[in-house]
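Before any comments, here is the structure.
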Amino acid sequence: MISSENSPSAPEDLNQKEPLKIILAEDDKDDQELFIDALEAAKVPSEVTTVENGQELVDTLRDECEPRPDMIFIDINMPVKGGKEALQEIKSDQQLKDIPAVMLSTWDHPSDIEETLKKGADLYVQKPNSFTGFVLILKKVFLLHWTKALINPVKNLFFVSEKNITRGDS
């Protein structure tokens, strides 16, 4: 017989939020630190694993010993295997394709934005020029109902940059 005091999950346990498991694929150590510091400043509870190229990202995602991330952030320009190639490999893998993928780039080339949207990215974020800009962008990604973009990607919600954050397009 199961009594309420032996119940494996009490209601108060359900209210505790676990930190988001994030993998950041970024070859620049300074950008890795900036990302992690901005997440902290944005008050996003998270556990971040960093990898330095697309091949390490794919290998980490396929490693059964590694926890499955809630989200991945992928820099487009990396050595060994670039972000677009890693994205294509991830989104064509039945075990990995449902992991939300956010592309990161210093560029806002329409062809890059269009290509990553077609390859299955959930968001494309232009890296900001300032720490404050990075914090604002991460708040937008995590806190301002970006799930609408995941349910039905719309091109104007797909691209996020410091410019469209400061214009008030929330």
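Which condition number does Val44 fail, the rest of (1) within 13 Å of the chain's Cα centre (by Cα); (2) over 23 Å from Asn129 (Cβ atoms); (3) at pLDDT below 90 being met?
(2)
Check Asp98 against each of (1) modelled with pLDDT of 90 or more; (2) within 13 Å of the chain's Cα centre (by Cα) and name the one condition it does not meet.
With (1) modelled with pLDDT of 90 or more; (2) within 13 Å of the chain's Cα centre (by Cα) applied to Asp98, the lone miss is (1).
Leu34 - would you say it is under 16 Å from Val125 (Cβ atoms) and surrounded by 20 or more Cβ atoms within 10 Å (Cβ to Cβ)?
Against the criterion (under 16 Å from Val125 (Cβ atoms) and surrounded by 20 or more Cβ atoms within 10 Å (Cβ to Cβ)), Leu34 does not qualify.
Can you confirm whether Ser130 is touching an Asp or Glu at 6+ places or on another chain (Cβ under 9 Å) and surrounded by fewer than 12 Cβ atoms within 10 Å (Cβ to Cβ)? Outline the logic, then answer.
Details: touching an Asp or Glu at 6+ places or on another chain (Cβ under 9 Å): yes; surrounded by fewer than 12 Cβ atoms within 10 Å (Cβ to Cβ): yes.
Considered against the rule, which asks whether it is touching an Asp or Glu at 6+ places or on another chain (Cβ under 9 Å) and surrounded by fewer than 12 Cβ atoms within 10 Å (Cβ to Cβ), Ser130 comes out as yes.
If a residue has to be touching a strand residue (DSSP E or B) at 6+ places or on another chain (Cβ under 9 Å) and either modelled with pLDDT of 55 or more or open to solvent by 10 Å² or more (accessible area, probe 1.4 Å) (or both) to count, how many in the range 139-150 make the cut?
5
Run down Val58, Val44, Val102, Val51 and say which single residue is crowded, with 18+ Cβ neighbours inside 10 Å, out of contact with any Gly (no Cβ under 9 Å at 6 or more places or on another chain) and under 12 Å from Asp27 (Cα atoms).
Val51
Looking at (1) assigned to a loop (DSSP other than H, G, I, E, B); (2) among the acidic types (Asp, Glu); (3) modelled with pLDDT of 90 or more, find the lone condition where Glu33 falls short.
Of everything listed in (1) assigned to a loop (DSSP other than H, G, I, E, B); (2) among the acidic types (Asp, Glu); (3) modelled with pLDDT of 90 or more, Glu33 misses just condition (1).
Mind listing whichever residues of the range 18-30 are open to solvent by 50 Å² or more (accessible area, probe 1.4 Å) and either aliphatic (A, V, I, L, M) or over 12 Å from the mean Cα position of the chain (by Cα) (or both)?
Answer for the range 18-30, where residues must be open to solvent by 50 Å² or more (accessible area, probe 1.4 Å) and either aliphatic (A, V, I, L, M) or over 12 Å from the mean Cα position of the chain (by Cα) (or both): Glu18, Leu20, Asp27, Asp28, Lys29, Asp30.
Name every residue in the range 83-126 that is without any contact (Cβ under 8 Å) to a residue 40 or more places away in the chain, under 16 Å from Thr60 (Cβ atoms) and of a type in the set (Gly, Ala, Ser), in order of residue number.
Matches in the range 83-126: Ala101 only.
The values are calculated or read from the model by the stated rules, or taken from the named source; none is laboratory data. Keep in mind that this is a model prediction, so the values were computed, not measured. Methodologically, a virtual Cβ is constructed for each residue, glycine included, from the backbone with ideal geometry; neighbour enumeration extends over all protein chains shown. Accessible surface areas use protein heavy atoms only, side chains included; no ligands, DNA or RNA. Shrake-Rupley method; radii C 1.70, N 1.55, O 1.52, S 1.80 Å.
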